[in-house]
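Since every read-out is calculated from the coordinates, none of them should be taken as a lab result. Everything numeric here is computed off the predicted structure, so don't read it as measured data. Note that each Cβ is placed from the backbone with ideal geometry, even for glycine, and that neighbours are counted across all protein chains shown.
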Amino acid sequence: MVKTWRDYNFPLLLCVLILLGFGAAMVYSATLRDPLTQGYFSRHLVNLLVGCAAMALLTTVDYHAFEAWIVPFYLGAVALLGLVLVVGQVSSGAQSWIDLGIRTFQPSEPAKLLVILALAAYWSHNERQPQAWRVVIASLILVGIPTVLVFLQPDFGTAMVFVAIWTAMALAAGVRLWQFGVLFIAAVPAAIYGWTHILQPYQRTRLLIFLDPLKYDPDLKQGAWNIMQSLTAIGSGGLTGRGWTHGLLSQGNYLPVQYSDFIFAITGEELGFLGAALLLVFLGITIWQALSVSVIARDTFGRLIAVGIAAMLLCHVLVNVGMNMSIMPVTGIPLPFISYGGSFTMTSLAAIGLLQSIALRRRRITF
């Protein structure tokens, strides 16, 4: 049992709490004048409370306790991802949610954390030969099953998060760079086939729009309108912004899903370059602290968990902010600790709890 908090990562906690306050303020502003989103802010606060409770609970639990439950956890995550394809609720063109009656639940979000645990446990059990092809292929199967199930929803953005998690953890585990090259070459034919035969025309358009919105979507019906409004909002904020709850586009509800997918654009308009930059600084410090936990972790299992969590958060930040600034495809994934969204908010905070658990148990003997 941990008897002291000398190894607790207080900078990580402080950054997360600041980001949660930042996010709550922006969700409030983004839903203030839209009659369709009334009640979202209060629900967001409830999600934060539940997520913080999960973070506190996981902090006190020794992360090694999860090793014995890896198989049922992983199989449960895969089962839920399969179930959502059968009984899932469709929203924004994706069948990603299960209706629980009082609220909806998105299985792909906790699945990210469970896949991280599964990969960390697998590679820690094979830490003497992580580059062996049988180990590499087995790890690809572990991440490939949930990735394919998520892709079939279809949720391309979340599927790519799983790929990013595997890539970062594989590097940290010891997979060689030349092996990545071999896998990349082998994946090219599958990628070409998927692009030409699996993705629908509208999906290909959405992935290409960011390159030139008006060229790929001249009728403004496939997402170019969203990108143009986002860029307008960010650009109109200037250095200091129009003021919290005083954005012309945000308060006029010109941006779709502005409380989640495009919340960074709302931040840019209302708080300006300085506010958006400050937000990115705190997100960057949070990810850096996650990586610092991986450095001090006492074993491979803890180190790989921390790397996987850092990769998950970094991928979300890069894709969400990049999408808002038209330098990444529009895939619709939330900004960690900022966007509205119960399943991902709780998953992110649970991940922070795991990081703290690893930090607290960095020493084999705790006094």
Quick note on ARG361, ARG128, ordering by fewest other C-beta atoms within 10 Å, gives ARG128, ARG361
Starting from the Cα-Cα distance between VAL281 and ASP7, subtract it from 0.36 nm times their residue separation and give me the gain in nm to one decimal.
-> 96.3 nm
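Could you grab the relative contact order for the stretch 10-360? Cα pairs under 8 Å, six or more apart, rounded to a whole percent. Numbers along the way, then the final one.
Values: 516 pairs, mean separation 101.0, N = 351.
Relative contact order of the stretch 10-360: 29 percent.
Can you give the extra length, in nm with one decimal, that the chain gains between ARG134 and ASN253 once fully stretched, where that is 0.36 nm per residue apart less the Cα-Cα distance?
On the way: separation 119, 0.36 × 119 = 42.84 nm, distance 5.17 nm.
So the extension gain works out to 37.7 nm.
Which order do the peptides 30-37, 303-310, 117-124 take when ranked by the mean count of other beta-carbon atoms within 10 Å per residue, highest first? Numbers along the way, then the final one.
Details: 30-37: 16.2, 303-310: 27.2, 117-124: 23.4.
Highest to lowest by the protection proxy: 303-310, 117-124, 30-37.
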Inter-part gap, Cα centre of the stretch 304-353 to Cα centre of the stretch 43-63, in whole angstrom, is 17
Could the peptides 69-76, 104-111 be put in order, highest first, of the mean number of other beta-carbon atoms found within 10 Å of their residues?
-> 104-111, 69-76
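Excluding ARG242 itself, calculate the net charge of residues whose Cβ lies under 12 Å from the Cβ of ARG242, where each Lys or Arg counts +1 and each Asp or Glu counts -1.
On the way: positive: none; negative: GLU269, GLU270.
Counting the neighbours of ARG242, the net charge comes to -2.
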Name the residues whose placed amide hydrogens come within less than 5 Å of the amide hydrogen of SER96, ignoring near sequence neighbours (fewer than 5 apart) on the same chain.
-> GLN89, SER91
Candidates LEU214, LEU314, LEU231; GNM for the chain (alpha-carbon contacts under 10 Å) flags as most fluctuating LEU214
Which values of log₁₀ I(q)/I(0), to two decimal places, follow from the Debye formula for the stretch 193-258 at q = 0.15, 0.24, 0.28, 0.29 Å⁻¹ with a uniform point scatterer at every Cα?
-> -0.57, -0.98, -1.14, -1.18
Reduced Cα scattering model of the stretch 323-367, Debye log10 I(q)/I(0), q = 0.15, 0.17, 0.31 Å⁻¹ = -0.57, -0.64, -1.04
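Once you order the gyration tensor axes a ≥ b ≥ c over the Cα atoms, which shape class does the stretch 112-266 get: rounded for a/c under 1.5, otherwise prolate or oblate by comparing a/b with b/c?
prolate
State to the nearest 20 debye the size of the charge dipole of the stretch 10-360 about its Cα centre, where the only charges are +1 on K and R beta carbons and -1 on D and E beta carbons.
Values: 14 positive and 14 negative charges, 64 e Å.
Using Cβ point charges on Lys, Arg, Asp and Glu, the stretch 10-360 gives about 300 debye.
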Mean Kyte-Doolittle of at least -0.5 and a Cα length of 20 Å or more along the axis: which whole DSSP H helices of the chain meet both?
-> 10-30, 40-60, 70-87, 108-125, 133-151, 156-173, 177-193, 263-296, 300-324, 342-360
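What's the FRET efficiency of SER42 with HIS197 using the Cβ-Cβ distance as r and R₀ = 35 Å, to the nearest 0.05? Walk me through the numbers on the way to the answer.
Working: r = 45 Å, r/R0 = 1.29.
Between SER42 and HIS197 the formula returns 0.20.
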Arranged from highest to lowest average of other beta-carbon atoms within 10 Å per residue, in what order do the peptides 282-292, 38-48 appear?
-> 282-292, 38-48
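State the percent of C-alpha pairs, over all pairs in the chain, separated by a distance greater than 30 angstrom. Mind dumping the intermediate values first?
Details: 25906 of 67161 pairs.
The answer is 39 percent, as a whole percent.
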With -39,500 (n - 2.57) per DSSP H segment of 4 or more residues and division by the full residue count of the chain, the 222 nm estimate, nearest 500 deg cm²/dmol, is -22000 deg cm²/dmol
